[in-house]
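Undergrad: Please see the structure below; I have some questions.
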Amino acid sequence: MPKNNRSFRLGVAGPVGTGKSSLIAMLCRELASELQLGVITNDIYTDEDARLLRSAGVLDPERIRAVETGACPHTAIRDDVTPNLIAVEDLERDFAPLDVVLVESGGDNLTATFSPALVDAQIFVLDVAGGGDVARKGGPGIARADLLVVNKTDLAPYVGVDVPQMVADAEAARGGKPVLALSRTDADSVLRLKEWVLEMTAVVRSGSHTPVDPGPMAPHSHVGDDGELITHTHAHAH
Amino acid sequence: MGSPELVALMLADARLPTGGHTQSAGLEPAVRAGLGADGARLADVASYAADRLRTIVRVEAATAVVARRLTLDGELVEQAEAAWAARTPSQALRAASRRQGRAYLRLASRVWPATTEFLKADAEIARPVVVGVVAAVTGLSAEQTARLIGYDDAQTVVAASLKLLPVDPADAAGWLLKLHPDIEELVTAVSRITTLAEIPAYGAPLVDVFAQAHAVERMRLFHA
Ligand SMILES: Nc1nc2c(ncn2[C@@H]2O[C@H](COP(=O)(O)OP(=O)(O)OP(=O)(O)O)[C@@H](O)[C@H]2O)c(=O)[nH]1
Ligand SMILES: [Mg+2]
């Protein structure tokens, strides 16, 4: 694969049903006139996500490809990214030059994040319906994905979630990394998502971006011998 | 270069990143077609693996053995791929094997770069041909090569059964052990083959039919 055909590979992860496919469809709709896009879905059992995206009519169906995960969505984006890498490279070859390839992970649990061997940056998607305390519970994706999306804010009144509080909890867990409260019914939030992707695309293109690995463990804190609060991110036994 | 025995263990290890978790060696469509009778006849799984070892896996193992030979002799390994394709009537099975071959090659070109002297790193070449080339450049014997192909297929079937049927993992390991004689029989049958013409042309038509159906199936866990 010649280096110049390499796209910005952007992962979209998060628990089942939080709105990953919808977010990708939204990005295709918003960006297809400005950027050359491709999409890879990781389906756990069906090709439902690829079909949903193809039928949304937001992108040439040929540019949307599904990867089987052998019922291991976690493995497919982390321990053995081979089938995904091949799918990405094939898309980049078949539709060269692509600007961005969006890779949707199979909906998994809070610990599933992309390996930096597969994506240059990743978005982790939560939704308000999963509960206002999810952001506070943390996890590698919540703490260290390049962007955390708190999705479906339009549902907040119905599920009793305080969105500003949830965003504040998330920001506290992320040490300054961006958090975006998103709803497809809130045009401003959609615009902010679009801008983030455009900015990230520019940063990755400029070559100044080093992929960050959210890693297997969230930052955590405990009280040290001298009573001081120690926060760290490395994995070790306490 | 490292110990050939350790290389064989690496290649047989499902943790090697070659997309092995996406494969069921045709077990998924076979289960869909009734194999295992929804859990009432679990021993079908071991019989299925044994049937494969006697038929299509022999073709694959012989192909790998000959690809190894061709590589060592400085001949074009693509000839082994053509011989394999001529003996593999299902287009779906050929496509699945070439996809896997590509995953293997992608890894091998990084880990055993000598592989790329014989095959392009992004070639879509049947998996047994790639394994044969890797075997040649890492010093595996013909027996080790054939055993690897046989073991990997049986283990793929058995491991996939845990996801597809109500199987106790210890029972599954027991099936694999009982398949050892079948694997060794395959090794004996193919490891002395040196020419393309000697590659057998066994077929398993139902496996072909299942594979064709699976390729267009909407609900599936495994690629093949
Ligand atoms: N109210 C509301 N619903 C949304 C929003 N975004 C997505 N949804 C709905 O949430 C449901 C799940 O959305 P998907 O995009 O399929 O979620 P996903 O994360 O891709 O799901 P999996 O791939 O199955 O894990 C669908 O019914 C969407 O219509 C939103 O902004 N507001
Ligand atoms: Mg989805």
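The values are calculated or read from the model by the stated rules, or taken from the named source; none is laboratory data. Remember, it's a predicted structure, so these values are computed and weren't measured experimentally. In this analysis, Cβ positions are derived from the backbone assuming ideal geometry, glycine residues included, and neighbour counts consider all displayed protein chains. Remember, those area values only see protein heavy atoms, side chains included, never the ligands or the DNA or RNA. Shrake-Rupley method; radii C 1.70, N 1.55, O 1.52, S 1.80 Å.
Undergrad: Could you check the simple spin-label distance between A:SER208 and A:ASP154, using points 7 Å along Cα→Cβ, in nm with one decimal?
TA: Label at A:SER208, label at A:ASP154, 3.7 nm between them.
Undergrad: State to the nearest 20 debye the size of the charge dipole of chain A about its Cα centre, where the only charges are +1 on K and R beta carbons and -1 on D and E beta carbons. Don't jump to the answer; show the numbers that get you there.
TA: Details: 21 positive and 34 negative charges, 60 e Å.
The calculation lands at about 280 debye.
Undergrad: Shifting gears a bit: Computed over the Cα atoms, what is the radius of gyration of segment A:90-168 divided by 2.2 N^0.38 Å, N being its residue count? Could you put the intermediate results ahead of the total?
TA: Working: Rg = 15.3 Å, N = 79, 2.2 N^0.38 = 11.6 Å.
Relative to the rule-of-thumb radius for its length, segment A:90-168 sits at 1.32.
Undergrad: Measure nothing fancy, just the Cα-based angle from helix B:56-72's long axis to the longest principal axis of chain B, in degrees from 0 to 90, nearest 10.
TA: Value to nearest ten degrees: 10.
Undergrad: Can you report the principal axis dimensions of segment A:29-87 using only the alpha carbons, biggest first, rounded to whole angstrom?
TA: Principal-axis extents of segment A:29-87 (Cα, largest first): 35, 21, 16 Å.
Undergrad: Heavy atoms only, 1.4 Å probe, whole protein assembly: order B:TRP112, B:TRP84 by accessible area, highest first. Working shown, then result.
TA: Working: B:TRP112 35, B:TRP84 5 Å².
So, going from the largest accessible area down, we get B:TRP112, B:TRP84.
Undergrad: For segment B:1-119, compute Rh as the Kirkwood radius over C-alpha pairs and then the Stokes-Einstein diffusion coefficient at 37 °C and 0.692 mPa s; write the answer in µm²/s, rounded to an integer. Working shown, then result.
TA: Values: Rh = 16.3 Å.
Reported coefficient: 201 µm²/s.
Undergrad: Further question on the same structure: For A:GLU104, B:GLU143, B:GLU75, give the ranking by accessible area with the largest first, probe 1.4 Å. Spell out each step's value before the answer.
TA: Working: A:GLU104 5, B:GLU143 75, B:GLU75 100 Å².
The ranking, largest first, comes out as B:GLU75, B:GLU143, A:GLU104.
Undergrad: As a test question: what accessible area, to the nearest 10 Å², does B:LEU76 have when a 1.4 Å probe is rolled over all protein chains in place?
TA: 120 Å²
Undergrad: Just to make sure I understand: if all protein chains stay in place, what is the order of B:GLU81, B:GLU5 by accessible area at 1.4 Å, largest first? Can you show the working numbers first?
TA: Details: B:GLU81 20, B:GLU5 125 Å².
Order by accessible area, largest first: B:GLU5, B:GLU81.
Undergrad: Calculate, axis by axis, the spread of Cα positions in chain A along the three principal axes, and write the results as whole Å, longest axis first.
TA: Per principal axis, max minus min of the Cα coordinates gives 59, 39, 36 Å.
Undergrad: Checking the cross-link filter: which lysines have an alpha carbon closer than 22 Å to that of B:LYS163, excluding same-chain neighbours under 8 positions apart?
TA: Of all the lysines, those that pass the test against B:LYS163 - Cα under 22 Å, at least 8 places apart if same chain - are B:LYS178.
Undergrad: Provide, for q = 0.10, 0.12, 0.14 Å⁻¹, the log10 of I(q)/I(0) from a solvent-free Debye sum over equal Cα point scatterers in chain B.
TA: The computed values of log10 I(q)/I(0) come out as -0.40, -0.58, -0.81.
Undergrad: Another question, if that's okay. Quick one: net charge of A:VAL179's neighbours, Cβ under 13 Å, K/R +1, D/E -1? Display every interim value, and only then the final one.
TA: Details: positive: A:ARG136, A:ARG144, A:ARG174, A:LYS177, A:ARG192; negative: A:ASP146, A:ASP169, A:GLU171.
Overall, the nearby charge balance is +2.
Undergrad: Counting only other chains, what is the mean number of Cβ atoms within 10 angstrom of the Cβ of each residue in peptide B:13-19? Could the numbers behind the result be given before it?
TA: On the way: counts 0, 1, 3, 2, 8, 3, 13.
So the per-residue partner count for this stretch is 4.
Undergrad: While we're looking at this one, here's another question. For a test of understanding, tell me how many lysine pairs in segment A:3-212 have Cα atoms under 24 Å apart, given they are 8 or more places apart or on different chains.
TA: Total qualifying Lys-Lys pairs in segment A:3-212 comes to 9.
Undergrad: With the radius of gyration and the Kirkwood radius both derived from the Cα set of the protein assembly as shown, what is their ratio Rg to Rh? Spell out each step's value before the answer.
TA: On the way: Rg = 24.3 Å, Rh = 23.9 Å.
My calculation puts Rg/Rh at 1.02.
Undergrad: Taking every residue in B:102-115, how many Cβ atoms of other protein chains lie within 10 Å of its Cβ, on average?
TA: Taking the mean over all residues of the peptide, I get 1.
Undergrad: Now a separate question. At the nearest 100 Å², what buried accessible area, both sides summed, do you get for B and A when the probe is 1.4 Å?
TA: Values: alone 10580 and 11200 Å², together 19920 Å².
Adding both sides of the contact gives about 1900 Å².
Undergrad: Shielding of A:70-76 by partners, i.e. mean partner chain Cβ atoms within 10 Å per residue?
TA: Numbers: counts 14, 8, 4, 0, 1, 6, 3.
So the per-residue partner count for this stretch is 5.
Undergrad: Right, here's the next one. Put +1 on the Cβ of each Lys and Arg and -1 on the Cβ of each Asp and Glu in segment A:3-212; which of A:LEU118, A:VAL67, A:GLY176 then has its Cα farthest toward the positive end of the dipole?
TA: Farthest along the dipole direction, towards plus: A:GLY176.
Undergrad: For chain A, which DSSP H helices look membrane-span-like by this rule: Cα extent along the axis of 30 Å or more and mean Kyte-Doolittle of at least 1.0?
TA: none
Undergrad: Calculate the dipole size of the protein assembly as shown relative to its Cα centre from +1 charges on Lys and Arg beta carbons and -1 charges on Asp and Glu beta carbons; express the result in debye to the nearest 20.
TA: Values: 44 positive and 59 negative charges, 145 e Å.
Dipole of the protein assembly as shown, to the nearest 20 debye: 700 debye.
Undergrad: Select from A:PRO73, A:PRO61, A:PRO157 the residue whose mean-square fluctuation is largest in a Gaussian network model of chain A (Cα-Cα springs shorter than 10 Å).
TA: It is A:PRO157.
Undergrad: Taking the square root of 5 times each eigenvalue of the Cα gyration tensor, what semi-axes in Å does the equivalent ellipsoid of segment B:7-59 have, largest first?
TA: Values: eigenvalues 116, 40, 20 Å².
In descending order, the three semi-axes are 24, 14, 10 Å.
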